[in-house]
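Encoded as structure tokens, the structure appears first; notes follow it.
The values are calculated or read from the model by the stated rules, or taken from the named source; none is laboratory data. Quantities reported herein were computed from a predicted structural model and do not represent experimental measurements. Note that we place each Cβ from the backbone using ideal geometry, even for glycine, and neighbour counts take in every protein chain shown.
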Amino acid sequence: MSFDVVLERLPEINQAMLETFAMIGVAIPLAVLLGTPLGIWLWSHAPAGLKPTPKSHAVVSALVNMVRSFPFLILLIAIIPFTRLIVGTSVGTAAVIVPLTINAIPYFARLVEQNITQLGTGAVEASRAMGATRGQIIRNVLLVDAKPAIIGSITITTVSFISYSAMSGLVGGGGIGDLAIRYGYYRYETETMVVACVLMVILVTVVQYGGTRAARWTDKRVSA
Amino acid sequence: MTSAPAVDRRQYAAASTQSVVPPESVAAESLSVTFNDVGRAFDGRTVLRNVSLTVTPGEVVAILGSSGCGKSTLLRAVGGLDEGFTGDIVIGDSPVTRYDERTAVGFQEPRLLPWRSIRKNVELGLPRDLSKSEGQSRVDELLELVGLAERAHLRPREISGGMAQRASLARALARQPGVLLLDEPFGALDALTRLKMQDLLLDVHAKTGTTVLLVTHDVNEALQLADRILLLGGRGTATAEGATVKSLVSVPGIRPRDRAATDLAQLRSELYAGLGVSSR
């Protein structure tokens, strides 16, 4: 195995890494920003939640399930008109960010809903008994208590979507995963594929390590 | 069983006016609680039925009963934590509302927020319309009252279970409840700490004069603290039809009662018998 060909590919590899960073760097923060309120909404409007509205909860929950059940490749194509509306084009990195974000929002919302569901009900009930409003309970009790778990969910989402972003090649989105497929698989440059995969492993490892550290650092129950 | 509970309370309150700390701001306007044919069923299974009782302002009533007989259910209904009951519960002169702000609940577990200091946890109980400075001075008084002034800066995990339960009591008192609802507040504590907490509760009651409904399974605790004891249970062994008022007795004597007193022995064995336990 000769890695000379990899040296020739270095500019492309650099470019691909930047594209991956751009995709993850936009899609994940947007998913966290929009998915967290959606997850809280799903939890608090559930039949057993803080403010039960079973009908609208059923509708929103079904929508979330629908988006989540789409295979990513199909979603990527199906929302092309919407993508064009948002970023003005249907090809390239910017065009991939739209479906990635659309897919990541309900994904992250479900994780947040789960994070909150798993908290004990004791503190919430005590807060309600003391006259706390729903907003206060969400801000001062639930989000603080669930913070380490939510950071864990951000880590899981990031890792999953680094992997999803490899499919961006279909619309010319680029990225390191796409590079592994284009050069490594289609052009039989096994070395390039190996290097690209190693880079993805490193990227995922760093994200996972950082996420775990951040979660532990924010866990006031342990480090108080 | 001859002395009227209201008289007991007044004598006790009179004795406590000599107390060195007269914290005006922790004193509550105590309210009466009237139960009128209260019942509760969960999914068709009746837990409580036909509970009628009037608790006078400032009175301490212990609710005694075996496990699962609906003691906590009754208490939660008064606090507005449970709206599924039948019948009427009136606090003062109006019916109980959802999460009724005239009541405060102390749970069996302290339920403090682990990431906040004791002081910040007690602050959570303050009414929202209170000014900041008033709130701070009330928290100071409450921390002093429950003996946590020196430990107010610590987090819940840095203090003992008894201290956490005291913080929880201070938090409940912060809104100056007309009715204080305590759901086995000392049940998870060791025997010695429990006795100290009982003394503290009497001290608090002497200073605040609030009405107290105390759920307990401890006969001695009920005898030590209460003006009257409400014994909940089914008729005989047939609890399938739900628990109701088995007996309502006044506890003789003036608090603080002597724990070793023998004159309560008869009442104690009656209560044990009512709970289906032999006192021998």
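The condition of being at pLDDT 90 or above, over 18 Å from A:Thr117 (Cα atoms) and either surrounded by 18 or more Cβ atoms within 10 Å (Cβ to Cβ) or in contact with a Lys or Arg (Cβ under 7 Å, 6 or more places away or on another chain) (or both) holds for A:Ile162.
Every listed requirement among (1) within 14 Å of chain B (Cβ to nearest Cβ); (2) within 20 Å of the chain's Cα centre (by Cα); (3) farther than 13 Å from A:Ser44 by Cα is met by A:Gly131 save one, (2). For B:Glu221, the conditions (1) outside any strand (DSSP E or B); (2) at pLDDT below 90; (3) surrounded by 17 or more Cβ atoms within 10 Å (Cβ to Cβ); (4) among the charged types (D, E, K, R) all hold with the exception of (2).
Filtering region B:85-117 to residues that are over 15 Å from A:Ala123 (Cβ atoms), touching a residue at least 24 places away in the same chain (Cβ under 8 Å) and more than 9 Å from every other protein chain (Cβ to nearest Cβ) leaves B:Phe85, B:Thr86, B:Gly87, B:Asp88, B:Ile89, B:Val90, B:Ile91, B:Gly92, B:Arg102, B:Ser117. What about B:Gly68, is it over 17 Å from the mean Cα position of the chain (by Cα), among the small types (Gly, Ala, Ser) and more than 9 Å from chain A (Cβ to nearest Cβ)? So B:Gly68 passes the test. Considering the conditions (1) touching a helix residue (DSSP H, G or I) at 6+ places or on another chain (Cβ under 8 Å); (2) assigned to a helix (DSSP H, G or I); (3) away from chain B (no Cβ under 14 Å), A:Val198 is excluded by exactly one of them, (1).
Taken together, B:Leu169, B:Leu192, B:Leu201 contain a single residue that is in a helix (DSSP H, G or I), within 14 Å of another protein chain (Cβ to nearest Cβ) and modelled with pLDDT under 95, which is B:Leu169. Quick one: is A:Leu85 in contact (Cβ under 8 Å) with a residue 12 or more places away in the chain and surrounded by fewer than 19 Cβ atoms within 10 Å (Cβ to Cβ)? Taking the combined requirement at face value, the residue does not satisfy it. Condition test on B:Gly79, is it touching a residue at least 40 places away in the same chain (Cβ under 8 Å), over 22 Å from B:Ser168 (Cβ atoms) and either away from every other protein chain (no Cβ under 14 Å) or not basic (Lys, Arg) (or both)? No; evaluated as a whole, the condition is false for this residue.
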